[in-house]
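Below: one structure, written as C-alpha cells.
Computed from the coordinates by the stated procedures, all read-outs in this text should not be read as laboratory data. It should be emphasised that the depicted structure is a prediction, and the values quoted were computed from it without experimental measurement. Cβ atoms come from the backbone with ideal geometry, glycine included; neighbour counts cover every protein chain shown.
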Ligand code: AHM
Ligand code: MG
C-alpha cells in the first residue's frame, strides 16, 4: 500500500512515544471508525432520509438535526464496549454518559461535538466531528465517574482531533507529538496518512469571523476588525481577505492548511455566556491541534488551554490560528 494507514501510524506512535498506550490507540481507532460511519450517513443525504430536524432541543436550547442525534448515537455505541473509557460527554447530551455496567471500564474520558456546523448540515457544505480525550483523575477507579471528573483544563488533553466531511473525508489528529492528517480511501475504507507534522504559517492576511455580529462585540474586537478592513493604508498596513464557512471544522481546516485566524468572540447579547462556542467540545480540542501545529489560541486575554472549566457546557470566546496574528489580537485586548 502506498500510504501508511491510521493503525500503522498509531502503532509507530505507541513505539516512539510513551504518551500513547494500547488503550488510547484502541480509543482513537474506534473514534475514527465511528467517524467513517458518520461520514457515510452524511454522504447519503436525502437518499438516507437523514436530513432535516427532529423537533427536539439539546441542552443548549438548539434544535437538533436528525444527523446530530444519529452521529451522537454512533459515537456512543462505538465507544461503550471497548473497555477503554471511564465515560463520555457530548455537546448533544445534558449530562455525562457513564459506561454501562455490563462492560469493563478504562481510564480515558471522551468528549465530542458529534456533528459540528449545524447550519450547514442540510445544504451540502462541509461539516465535521470534533473530539477531545482526557484521563480520568487519579482516584476515580472503582467508583462511578462524575461530571466534575471531566472539568480539566485543555492542557491535560492526551489527544484531540476532528473529522471533516467534505469533498474528501479527512481525519486530523494529535496525540501531543505534532499533527497528522489522514484521507479516507472510500473504496478500501481505510484512513491513509496524507499529511505529517502540519505547520501553520505564522503570518497571515486572512480572517474568519461572522461579521454580522460586529455591533455586539467588545470594542477591542471591533477595533481589530476595523483596522483589518482599513487595508494597506490602515494601521496594519496590509490588505486582508475574509473567509467564513460557518462550520468551525472547515474554517479551522483551512487555517491548518494555509494559515489565517478564526474568531468567535464574546457577544453583548448573551454577556454571561462568554461566547457561542463550547470550551470542552470545540475550543479545547481545536486549541490543542492549533498549538501542536505551531499556531496559538486565546480567549482574548488568556490561553484557552489554561482555562479551568467550571461547567461541562461552558462557552468561551475563541481566537485561534497563525501565531503572529493571534499575538496582535492579544495586544488589542491588552490596550
Ligand atoms: P453547532 O455546534 O451548533 O454547529 O455550532 C457551532 C458552529 C460552528 O461550527 C461555527 O463556527 C459557528 O457555529 C457558526 O455560527 P454562526 O451561525 O454565527 O455563523
Ligand atoms: Mg459545534
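Things to note:
- Compared with the dominant principal axis of the Cα atoms in the chain, helix 219-229 is inclined by about 80°.
- Here the simple spin-label model places points 7 Å from the Cα toward Cβ, and for residue 330 and residue 314 these points are separated by 1.9 nm.
- Prolate/oblate/rounded call for segment 6-195, Cα gyration tensor, a/c under 1.5 rounded: oblate
- If the segment from residue 273 to residue 21 were pulled out straight at 0.36 nm per residue, it would be longer than the present Cα-Cα gap by 87.0 nm.
- FRET E, pair residue 202, residue 1, Förster distance 22 Å, beta-carbon r, rounded to 0.05: 0.05
- Rounded to 10°, Cα long-axis angle of helix 6-16 versus longest principal axis of the chain: 90 degrees
- Gain in span if fully extended, residue 183 to residue 125, counting 0.36 nm per residue against the direct Cα distance: 19.1 nm
- Debye intensity ratio I(q)/I(0), log10, segment 89-134, q values 0.19, 0.24, 0.28 Å⁻¹ (C-alpha model): -0.70, -0.90, -1.04
- Computed extension length for residue 246-residue 14: 80.0 nm, one decimal, from 0.36 nm per residue of separation with the Cα-Cα distance subtracted.
- Size descriptor for the chain, Kirkwood hydrodynamic radius: 20.3 Å (Cα pairs only, one decimal).
- Helix 22-44 axis versus longest C-alpha principal axis of the chain: approximately 70°, rounded to the nearest ten.
- Binning the alpha carbon pair distances of segment 220-335 at 5 angstrom intervals from zero yields the distribution 2, 12, 22, 25, 21, 12, 4, 1, 0, expressed in whole percent.
- Set of segment 174-211 residues, backbone N closer than 18 Å to the point 7 Å along the Cα-Cβ line of residue 29: 174-175, 182-185, 188-193
- Per residue convex hull volume, Cα atoms of segment 275-335, in Å³: 71 Å³
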